[in-house]
Each structure stands twice: as C-alpha cells, then as structure tokens.
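These notes are about the structure you will find just below.
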Amino acid sequence: SRLGGTTQYDIGSYISIQPDISALASIFKRYGYRNCMEVISEIADAATLAGTFLAAEVVTPTESTLELQTFTGQRGVDRRFSTGNGLIFASKRGNLENAILTKDAIEEITHALAGGQYRNDGSLAVAYAQDTTRMAESPFGRIEQFVDSQGDLTADLQADADGAVRAGRPVIQAVADLVETDQCVRGVHFDFGDLVTIEVQNVQYDMRLNIMEVTVTVSGERTIVRFEYNG
C-alpha cells in the first residue's frame, strides 16, 4: 500500500529515463519523505561543487514521448567566444538591448556543516564542505551554515554539506531583450541552455542562457533572456 492516497497515474509508464552514461562520480542521497525535485537540485549542486556542472530536465525526444535526461557542462552547447566558434551578445553587436547585470551575495554561504539525526550521541560524525576560493576573497569570507540532515551515513552528510555550499554561491545574472540578427538566430547560432559570452558595460562574462521568455502581441514578438553565471 502507499501512504498519502492514490497517485492516480503511474508516471513511470509515461516518462522514460536516459541510459546511465556514468558522466559523474556517485553520491549518496535519500529521497524518503522529500520532494524529488529538491533532491535532484541538491545532487546537481553537489556535482557542480565537485567540479562538473550538472543539470536535469524532462525533455521531449519525440512528439509523443518524455524522457528524463541529464546534462554536464551546460544544458546546450558551449558557444563561449573563447572557443573560437562562439558569438558575443552585446548591444553594440545589435543582438542585445537594455541589459542589466545583477550580483547578489546576500544569501552567500562558503562553509557548511551537516549533522545527522544522531549527532548528539556521538555515534555519527558530522561532515563539512567549503569553497576556499570564495572564502579567500575577504578576511570575512568564511560564511557558515549548519545543515540539519536526516542522513545516517557519512556519504549522505557530505552530499548535504556539498549541496549547501553550492546553493549558497552568489547569484550573478544579466537580464536583457534579445534581438535576432542575421548572425544570431536561435536554433542556428545559439539556443536555450547554451554557454555563451555576453558583454555588459564593456566587460565580458561567460554565462549560461538559462531562461527565455517570449511574448507575442499584435505589435510583434519580444524575447527577454536571462543569462546566469553558475561558477
């Protein structure tokens, strides 16, 4: 029997899972009594902190099928200008307008200590994670957080600590109006999820094109994009 009532449909028959490509090292996570999307986000954070950017998404490989896939490096293609075959999004190139760059470090965490459910009786050690690069940026760079973990294994605690440090990185993003040109066409020269180079106030940043909002009205089409830097 299943607690909490019927699930109505078994979505396992609607969504397939991409074959295991062993792109990253294994980490331990418990799903019990937790929101699955939150756990997947924590796994992605832990993987990225360990050195490889990870994203997951349910995609439509065909018009009638759904598949859960993972992506490493970036959701799409690496089109950074430094690769030699990329492009730059900038107002002076005519493909970006009204760009606003934001750096938000209000919720920054550089050191996380995770403690399990039996931490007070001495039977389970705690685990910690830290971002020494960000810590070294200031004498006050050690910004701590305690993670109240439900894990009972060291690997579980370590994954929770890693995820907290990754999730606590500063949020750096740029929001702008996207303008397609002959040399900047979606689906040809760039697409959603690509790693690209943008230029704001004459400074270049390598970011991921993570969000595209398309509005269609009688006066035409407007696309607002959000580029994000994830470290």
query = What's the local net charge at VAL59, with K and R +1, D and E -1, over the other residues with C-beta under 14 Å away?
reply = -3
query = Using the alpha-carbon atoms, what tilt in degrees (0 to 90, nearest 10) does helix 36-49 show relative to the longest principal axis of the chain?
reply = 80 degrees
message = 5 Å is the cut-off here: which amide hydrogens, built 1.01 Å from N in the peptide plane, fall below it relative to ARG169, excluding neighbours closer than 5 in sequence?
response = ILE109
Phi to ³J(HN,Hα) by Karplus 6.51 cos²θ - 1.76 cosθ + 1.60 over segment 85-100, Hz, x for Gly, Pro = 10, x, 9, 10, 8, 7, 4, 6, 9, x, 10, 8, 9, 6, 6, 10
query = Can you list the residues, at least 5 places off or on another chain, whose amide H is less than 5 Å from the amide H of PHE190, using H built in the peptide plane?
reply = VAL185
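Could you give the longest part of the chain that holds none of the GluC sites (Glu not before Pro) found in DSSP loops with at most 14 neighbouring Cβ atoms within 10 Å? Can you show the working numbers first?
Values: sites that count: GLU63, GLU107, GLU137.
My reading of the result: 138-231 is the longest stretch.
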remark   = For segment 32-83 the chymotrypsin sites (Phe, Trp or Tyr not before Pro) that pass both the DSSP coil test and the at-most-11 other-Cβ-within-10 Å test are TYR33
Per principal axis, descending, Cα span of segment 97-230 in whole Å = 66, 32, 24
ask   = So how tilted is helix 154-167 from the main axis of the chain? Cα-based, degrees 0 to 90, rounded to 10.
value = 30 degrees
key: Karplus-derived HN-Hα couplings along segment 203-208 (A = 6.51, B = -1.76, C = 1.60, θ = phi - 60°), whole Hz, x at Gly and Pro   = 10, 9, 9, 8, 9, 9
Placed amide H near ILE211: partners under 5 Å, 5+ positions off or other chain = ARG226
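Note down the relative contact order for the chain as a percent, whole number, built from C-alpha pairs under 8 angstrom at least six residues apart.
Details: 430 pairs, mean separation 48.8, N = 231.
Relative CO of the chain lands at 21 percent.
With a sphere of radius 13 Å drawn around the Cβ of ARG80, what net charge do the other residues whose Cβ falls strictly inside it have (Lys, Arg +1; Asp, Glu -1)?
Local charge sum for ARG80: -2.
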Cβ-based net charge around ALA174, under 13 Å, with every Lys or Arg adding one and every Asp or Glu removing one = -3
message = Taking θ = phi - 60°, what integer Hz values does the Karplus form 6.51 cos²θ - 1.76 cosθ + 1.60 yield along segment 58-70, in sequence order, with x for Gly and Pro?
response = 8, 10, 10, x, 9, 5, 10, 10, 10, 8, 7, 10, 10
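Against the globular-protein guess of 2.2 N^0.38 Å, express the Cα radius of gyration of segment 55-108 as a ratio, rounded to two decimals. Can you show the working numbers first?
On the way: Rg = 16.7 Å, N = 54, 2.2 N^0.38 = 10.0 Å.
In units of the 2.2 N^0.38 Å rule of thumb, it is 1.66.
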Fully extended contour minus Cα-Cα distance, from SER82 to SER41, at 0.36 nm per residue = 11.9 nm
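Bear in mind these aren't lab numbers, they're just calculated from the coordinates by the rules spelled out. In this text, all values refer to a predicted model and were calculated from it rather than measured experimentally. A quick note on method: Cβ atoms are made from the backbone with ideal geometry, for glycine too, and the neighbour counts reach across all protein chains shown.
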